[in-house]
Amino acid sequence: MDLSNRRRWIASAVLSLLAAGSLALAAFLPLYVSADTSEFGVDVSFTVTVIGWQSTVYPQVFGAALALAAGVLAFRWKGGRLFLVASGAFNLGVMWMLLTLYPPLRAEVDLGPGFWCLIGGALFTLLAALAVFGRSAKREPIAGP
């Protein structure tokens, strides 16, 4: 393995480990936040938060574990490409599922910090998968006629 390929694998592993941390953090932070006022009086207001740990913990934790396994395998084993691609695809699917699972209660629904961590983690997993499929710095010479 030449130096440029080794650097790509190390960058991919580091991105995947960052994704695992971000995805694990997303399970504990609010995914959606909605502030609303009651129709019964102007003095009553409340905030509704949806936290991943209470509602969708299994896909989020499995996605973080998959990203962690992909990061560790990218350091050790060249076959880690499969795990990197699977991690990127799975976490993108989890993000899409969570985006469409909870329709907005009202127009005041905002994405919480957990969902932004989920978006960041999914982007890190996709970048980790793309890093190992980049072009090599060494090119084969083109044979002449």
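The values are calculated or read from the model by the stated rules, or taken from the named source; none is laboratory data. Since the structure is predicted, the reported quantities are computational estimates derived from the model, not experimental observations. Glycine gets a Cβ as well: all are built from the backbone with ideal geometry, and neighbour counts include every protein chain shown.
Of the helices (runs of 4 or more DSSP H) that lie entirely inside the range 1-108, those containing 1 or more residues that are in contact with a Ser or Thr (Cβ under 9 Å, 6 or more places away or on another chain) and modelled with pLDDT under 90 span 3-26, 57-76, 80-101. Of the residues that make up the range 113-126, is at least one at pLDDT below 85, of a type in the set (A, V, I, L, M, F, W, C), under 23 Å from TRP53 (Cβ atoms) and surrounded by 19 or more Cβ atoms within 10 Å (Cβ to Cβ)? The answer is no, given that none of the residues of the range 113-126 is at pLDDT below 85, of a type in the set (A, V, I, L, M, F, W, C), under 23 Å from TRP53 (Cβ atoms) and surrounded by 19 or more Cβ atoms within 10 Å (Cβ to Cβ).
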